[in-house]
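**Q** My structure is below; once you've seen it, I'll send some questions.
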Amino acid sequence: MANRKKIIRDGIIDDNPILFQIIGICSALAVTNLMMNSLIMGVSLIFVTALSSFTISIIRKYTPDHVRMMVQVLIISVYVIFVDIFLKAYMQDMSKALGPYVGLIITNCIIMGRAEAFAVNNGPVDSFIDGAAAGIGYTLVLLVIASIRELMGFGTLFGIQVLPETVTQWTLMIMPPSAFFILGIFIWIATNRKLTKEEGGSKK
C-alpha cells in the first residue's frame, strides 16, 4: 500500500498536474474566465479521474497489454458521458457554457497520465485517492486563475459583485490570452520555489 498522505500531497501540491507536469492546460486556458465554470469543470474532472483510476485498477490484472490503452479510453469515455448527461439534464446553462470542453475530458492528459503512471500498478483505493488528488490539484489551479480573471474582468466572484461598478474592468482578463500569461506566471513561481527548496535540502 502506498503512502496515502504522500499521494494526496503529490497530486495537490508537490506534483500538481498543471504546475509541474504541464498537462491538462487546454481547459485551464479555456474555461477560467468565470469561477463557476472552473468549479464545475474541476468537479467533473475529479469525478472522472478518480473513478476511472479506480475502475482501471480493479481490472488491471485481467487487461491484456495490447488492448490496455483502448480499454482505458473506453472506461474514461463512459464516465465522461455520465457527466455530460448529468449537466445536460440538470445544469443546462452550464452545459452550454462549457460546450465541447466536457467531452474533451476524455482526451485530458491528466486522466490517462494517472491511469498509466499509477492505476495500472496500484490497488483500487490508492488509485481512487491518486485520481481524486490530481483532480483536486487541477481544480484549485483553475479556481485561482478564474478568481483573478473574473474579479478583474467582471468585478465579480462566482457571479457576485465584489468590486464597485465604477472600477474599470479589464477586458483583456476575460480573453484566453490572459489565462495563458497568468498560468505561465504561476508555473514560474511554483517551479522556482520547488527548485529553491530542493537546493536548500541538498545543501543540508
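**Q** Among ARG60, ARG149, rank each residue by its count of other Cβ atoms within 10 Å, from fewest to most, as a rough exposure measure.
**A** Listing ARG60, ARG149 from fewest to most nearby Cβ atoms yields ARG60, ARG149.
**Q** Next question, about the same structure. Taking only DSSP H segments of four or more residues, each worth -39500 (n - 2.57), what value at 222 nm results for the chain once the sum is divided by all its residues, to the nearest 500 deg cm²/dmol?
**A** The helix contribution divided over the chain gives -21500 deg cm²/dmol.
**Q** Any idea which of LEU140, ILE189, VAL162 is furthest toward the positive side of the dipole for region 92-204, if Lys and Arg beta-carbons carry +1 and Asp and Glu beta-carbons -1?
**A** Going by the charge dipole, the pick is ILE189.
**Q** By how many degrees, between 0 and 90 and to the nearest 10, does the Cα long axis of helix 124-154 differ from the longest principal axis of the chain?
**A** On a 0 to 90 degree scale, this one is about 10.
**Q** With point charges of +1 on the Cβ of Lys and Arg and -1 on the Cβ of Asp and Glu, referenced to the Cα centre of region 3-69, which listed residue (LEU29, ILE12, LEU51) lies farthest in the positive direction of the dipole?
**A** The residue sitting farthest along the positive end of the dipole is LEU51.
**Q** To continue, here is another question. Given contacts defined as C-alpha pairs under 8 Å and at least six residues apart, what's the relative contact order of the chain, whole-number percent? Don't skip to the answer; put the middle values down first.
**A** Working: 276 pairs, mean separation 72.8, N = 204.
Across the chain, relative contact order equals 36 percent.
**Q** Using a basic spin-label model with each label point 7 Å from the Cα along Cα→Cβ, how many nm lie between GLN92 and TYR62?
**A** 4.0
**Q** Please rank ASP14, ASP130, fewest neighbouring Cβ atoms within 10 Å first, as an exposure proxy.
**A** On the way: ASP14 15, ASP130 27.
Ascending number of Cβ neighbours within 10 Å: ASP14, ASP130.
**Q** Give me the lysines in straight-line cross-link reach of LYS197: C-alpha distance below 30 Å, same-chain residues under 8 apart excluded.
**A** Output for LYS197: LYS5, LYS6.
**Q** Which distance in Å, rounded to a whole number, links the C-alpha centroids of region 1-29 and region 112-156?
**A** Cα centres, region 1-29 to region 112-156: 7 Å.
**Q** Can you spot the aspartates and glutamates whose alpha carbon is less than 12 Å from LYS194's alpha carbon? Ignore those fewer than 8 places along the same chain.
**A** The reachable aspartates and glutamates, counting only those whose Cα sits under 12 Å from LYS194, are ASP14, ASP15.
**Q** Using Cβ contacts closer than 10 Å as the measure, can you line up VAL162, VAL48 from fewest to most? Walk me through the numbers on the way to the answer.
**A** Working: VAL162 13, VAL48 27.
Sorted ascending by nearby Cβ count, the order is VAL162, VAL48.
**Q** To continue, here is another question. Pull out a ≥ b ≥ c, the square roots of the eigenvalues of the alpha-carbon gyration tensor of region 4-146, then state rounded if a/c is under 1.5, prolate if not and a/b is larger than b/c, and oblate in the remaining case. Provide the component values of the computation, followed by the final result.
**A** Details: a/c = 2.06, a/b = 1.32, b/c = 1.56.
Judged from the Cα gyration tensor, region 4-146 comes out oblate (a/c at least 1.5, b/c at or above a/b).
Where a number appears in this text, it was derived from the coordinates with a stated rule and is not lab data. Worth saying up front: this structure is predicted, and the values here are computed from it rather than measured. Positions of Cβ are backbone-derived with ideal geometry, glycine not excepted, and every protein chain shown enters the neighbour counts.
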